[in-house]
Amino acid sequence: MHDTIDRNTTGCTLPPEFVLLDAMDFSDIAEQLHFNPVEGRIWLQDRRMALLSVDVLGALRRDLIDSLGLEATRRMFTRLGYAAGSGDAELAWKVRNHQSQLDIIAAGAQLHALEGFVQAEPVHIEIDSTRGYCYSEFFWNHGCEDEIHIANYGVGHESACWMGIGYTSGFLSKIMGKRIVAREVECRAMGQTKCRVIAQPVESWDDPEEDLHYLGFTPAQQTRVSIPAGAPSVDELPAQPANAHPEPSLAGLVGSSASFTSVLHKVRRVASTRATVLLSGESGVGKSAVAREVHRVSTRADKPFVELNCAAIPEQLIESELFGVERGAYSGATESRAGRFESANGGTLFLDEIGILSFSAQGKLLRVLQNGEFERLGSTRTIKLDVRVVAATNEDLPQAVKEGRFREDLFYRINVFPIHIPPLRERRDDLPLLIEYFIRRLSALHGRHVPGITPRALQAVLNHKWPGNIREFENVIERGIILADDGESLDLRHLFSVDTTLGNSSLMRLTEVGTLVKSNTLMVGEEPPASGTAAPARATLDEWARVAITQQNTQLADVEDALVNAALAEAGGNISKAASLLGLTRAQLDYRVKRNGRV
């Protein structure tokens, strides 16, 4: 496919693709942006963001230039921009994966504008998917980088939009699946009236060495790059991008947050040792999955992993379950049977809810941990074995020790290497990865095709406290997949059909006039949620009116004229229908139309 769009400076009508870029109609992109000021979080779809003052960015840039020099700072900022552009390409593919490449490239310009860096004004775009060719030429308006540079150093001889160049190179390289190099051929920091950027394949430049140097690439790296999974390619598909979300390679463990990474670090440090591990955390946080990971990365990985939920076994049977029983040990013991310790010999025994063990069982467990030996129930024969114990509890064991419900010596024996698993509400950065993982796994399990999740459903997921942690989260996603039709993304009505309070959100989002409102506040004309009322639309209209008064110096007559114009346009010029839309009689609207003569 070969697409070309070009700006005609004589004033002729631009193609539809240009209208998209020039008007910056990016509601599908903007609705990916969510704010939660209560918790200090901003999300752009599945990535956490942070607002940073341009003054702070300028101060950082100036300090780096003073300490590292212009060359090193430019290289650093260019590479930073490249990483940002590459990440935004992933988002663009997700949001517009069923649209044309021109629409996806437009998303790059729109994301760059949404993030507050620059407004891109297209001059010429040419794409040939069959041979992987991409030529783009843009003017950059209202850029923050050149403003920062001019404020600090004045007009000089060097281009200044380093992050922008890196961003454009990274975005287009990811989209095209080959190295695209952007170059700023004009810059306001060099005295020109506008910044002008040209981007094309590296081999199309006569002298790309300097550009590649700032991007951090060697000539050997200049040709092929990874493209997002599922994107169309021009040749053979390269490997999965290095900066894409990692595939869940760990059994049941998915995440990238700081708290999750800390848990994994502890798991990998202790796994290769013989130390007893004590996992603590609320019910449903995934203690069993962490225990399996300890076993999986240990030297015992090829030996048995045996799991016992102590809370699920009656107190009078817990000892026989743990240590086995000899025939005739009690009424009903008709044959000898090995316990969980013997079954786990050489491997790992995971004891969940260890805090409920009886004092008798606690004493025997202490002996096993100390000496590696025990006797079956009803036997005097000592059995020696090698078992690594991983224990777990959602109870406060130190408090249980104080209250005399748990042996102090056993607590110190199992608390050799404690790992606290944080609740899901403290690792919200992992929620997008968990959504992707569970949708993929549970869709395959139930034979459904669910492509993703809607923005408003994602808002509710990010905002919910998840008292049931991973267990609750998985159940909600599974229920949604069962309720959704094939090819339908998960929405609020799928996820929160049982408990509608889960859909209540304190997140905020941008309105059409650029202000923040509650994310469950609907735009005028937007479909309300199943349990919604007319109040949210009213709130949005009030917000629009407030902004119109405070920021636009709007007169009442102007608002009335605008509403009349909008109603007439919606009604196709039909006065009666337009009057109905405004809640007026035909005579009342006709009077207003004739009165101002401008409608």
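The values are calculated or read from the model by the stated rules, or taken from the named source; none is laboratory data. This structure is a prediction, so every number in the text was calculated from the model and none was measured. Because the Cβ atoms are built from the backbone with ideal geometry, glycine has one as well, and the counts that use them run over all protein chains shown.
Where residues in segment 311-332 are under 23 Å from Leu369 (Cα atoms) and polar (S, T, N, Q), which of them is modelled with the lowest pLDDT? Spell out the reasoning first.
Within segment 311-332, the first condition is being under 23 Å from Leu369 (Cα atoms), and the residues that meet it are 311-326.
This time we only want the ones that are polar (S, T, N, Q), so: 316, 320.
Details: Gln316: 76, Ser320: 83.
Among residues in segment 311-332 that are under 23 Å from Leu369 (Cα atoms) and polar (S, T, N, Q), the one modelled with the lowest pLDDT is Gln316.
Select, from Leu433, Leu424, Leu410, Leu385, the only residue that is over 42 Å from the mean Cα position of the chain (by Cα), hydrophobic (A, V, I, L, M, F, W, C) and either within 23 Å of Ser288 (Cβ to Cβ) or in the same structural domain as Val294 (by TED's automatic domain parsing) (or both). Of Leu433, Leu424, Leu410, Leu385, the one residue that is over 42 Å from the mean Cα position of the chain (by Cα), hydrophobic (A, V, I, L, M, F, W, C) and either within 23 Å of Ser288 (Cβ to Cβ) or in the same structural domain as Val294 (by TED's automatic domain parsing) (or both) is Leu385. Is it the case that some residue within segment 163-185 is surrounded by 17 or more Cβ atoms within 10 Å (Cβ to Cβ), free of Cβ contacts under 8 Å to residues at least 60 places away in the same chain, out of contact with any Gly (no Cβ under 6 Å at 6 or more places or on another chain) and basic (Lys, Arg)? Yes. Checking the structure you have, find out if any residue of segment 117-128 is under 22 Å from the mean Cα position of the chain (by Cα), assigned to a helix (DSSP H, G or I) and not basic (Lys, Arg). No; the residues of segment 117-128 include none that is under 22 Å from the mean Cα position of the chain (by Cα), assigned to a helix (DSSP H, G or I) and not basic (Lys, Arg). Of the set (1) touching a strand residue (DSSP E or B) at 6+ places or on another chain (Cβ under 9 Å); (2) not in a helix (DSSP H, G or I); (3) not aliphatic (A, V, I, L, M), all apply to Gly404 but (1).
For the residues Ala301, Ala291, Ala275, the requirement of being touching a His at 6+ places or on another chain (Cβ under 8 Å) and small (Gly, Ala, Ser) singles out Ala301.
Has segment 154-161 got at least one residue that is over 21 Å from Asp211 (Cα atoms), surrounded by fewer than 24 Cβ atoms within 10 Å (Cβ to Cβ), touching a Gly at 6+ places or on another chain (Cβ under 8 Å) and at pLDDT 90 or above? Before you say what the answer is, go through the steps one by one.
Keep residues of segment 154-161 that are over 21 Å from Asp211 (Cα atoms), which gives 154-155.
Retained after the next criterion (residues that are surrounded by fewer than 24 Cβ atoms within 10 Å (Cβ to Cβ)): 154-155.
Imposing the further condition that a residue be touching a Gly at 6+ places or on another chain (Cβ under 8 Å) reduces the set to 155.
Right, trim to at pLDDT 90 or above and you get 155.
Scanning segment 154-161 turns up at least one residue that is over 21 Å from Asp211 (Cα atoms), surrounded by fewer than 24 Cβ atoms within 10 Å (Cβ to Cβ), touching a Gly at 6+ places or on another chain (Cβ under 8 Å) and at pLDDT 90 or above.
Can you work out which of the residues in segment 437-487 that are touching a Pro at 6+ places or on another chain (Cβ under 8 Å) and not in a helix (DSSP H, G or I) is nearest to Glu282 (Cα to Cα)? If we take residues in segment 437-487 being touching a Pro at 6+ places or on another chain (Cβ under 8 Å) and not in a helix (DSSP H, G or I), then Trp466 is nearest to Glu282 (Cα to Cα). Within segment 384-401, the residues that satisfy the criterion of being of a type in the set (A, V, I, L, M) and in a loop (DSSP other than H, G, I, E, B) are Leu385, Val387. State yes or no: is Ser298 in contact (Cβ under 8 Å) with a residue 40 or more places away in the chain and within 17 Å of Lys364 (Cα to Cα)? So Ser298 does not fit the description; no. Of the residues screened, Leu431 is one that is farther than 16 Å from Ser358 by Cβ and not in a loop (DSSP other than H, G, I, E, B).
So which helices (runs of 4 or more DSSP H) stay within segment 531-599 end to end and still have 2 or more residues that are on the phi < 0 side of the Ramachandran plot and at pLDDT below 80? Walk me through how you get there before you give the answer.
Numbers: elements: 535-552, 556-570, 575-582, 586-596.
Per the criteria, 535-552, 556-570, 586-596.
Glu210 fulfils the conditions (1) assigned to a helix (DSSP H, G or I); (2) touching a residue at least 12 places away in the same chain (Cβ under 8 Å) except for a single criterion, (2). Taking the listed residues Glu403, Glu335, the one that is over 23 Å from Asp302 (Cβ atoms), surrounded by fewer than 18 Cβ atoms within 10 Å (Cβ to Cβ) and at pLDDT 90 or above is Glu403, with no other qualifying.
The criterion of at least 2 residues that are not hydrophobic (A, V, I, L, M, F, W, C) is met, among strands (runs of 3 or more DSSP E) falling completely within segment 267-359, by 305-309, 348-352. Of the residues screened, Thr348 is one that is surrounded by 18 or more Cβ atoms within 10 Å (Cβ to Cβ) and either at pLDDT 95 or above or within 44 Å of the chain's Cα centre (by Cα) (or both).
Restricting attention to segment 120-138, does a residue exist that is free of Cβ contacts under 8 Å to residues at least 12 places away in the same chain, over 25 Å from Gly216 (Cα atoms) and not small (Gly, Ala, Ser)?
Initially, segment 120-138 is screened for residues free of Cβ contacts under 8 Å to residues at least 12 places away in the same chain, giving none.
No, because not a single residue in segment 120-138 is free of Cβ contacts under 8 Å to residues at least 12 places away in the same chain, over 25 Å from Gly216 (Cα atoms) and not small (Gly, Ala, Ser).
Could you say which residue among Arg131, Arg47 is over 22 Å from the mean Cα position of the chain (by Cα), among the charged types (D, E, K, R) and either surrounded by 21 or more Cβ atoms within 10 Å (Cβ to Cβ) or modelled with pLDDT under 95 (or both)? Exactly one residue qualifies, and that residue is Arg131. Kindly check whether there is at least one residue in segment 58-81 that is assigned to a helix (DSSP H, G or I), surrounded by 14 or more Cβ atoms within 10 Å (Cβ to Cβ) and polar (S, T, N, Q). Checking segment 58-81: at least one residue is assigned to a helix (DSSP H, G or I), surrounded by 14 or more Cβ atoms within 10 Å (Cβ to Cβ) and polar (S, T, N, Q). Given the condition in contact (Cβ under 8 Å) with a residue 40 or more places away in the chain and within 30 Å of Glu472 (Cβ to Cβ), answer yes or no: does some residue in segment 362-383 qualify? No - not one qualifying residue is present in segment 362-383.
So for segment 453-471 (the condition being modelled with pLDDT of 80 or more, within 25 Å of Lys94 (Cβ to Cβ) and surrounded by fewer than 19 Cβ atoms within 10 Å (Cβ to Cβ)), does at least one residue qualify? There is at least one residue in segment 453-471 that is modelled with pLDDT of 80 or more, within 25 Å of Lys94 (Cβ to Cβ) and surrounded by fewer than 19 Cβ atoms within 10 Å (Cβ to Cβ).
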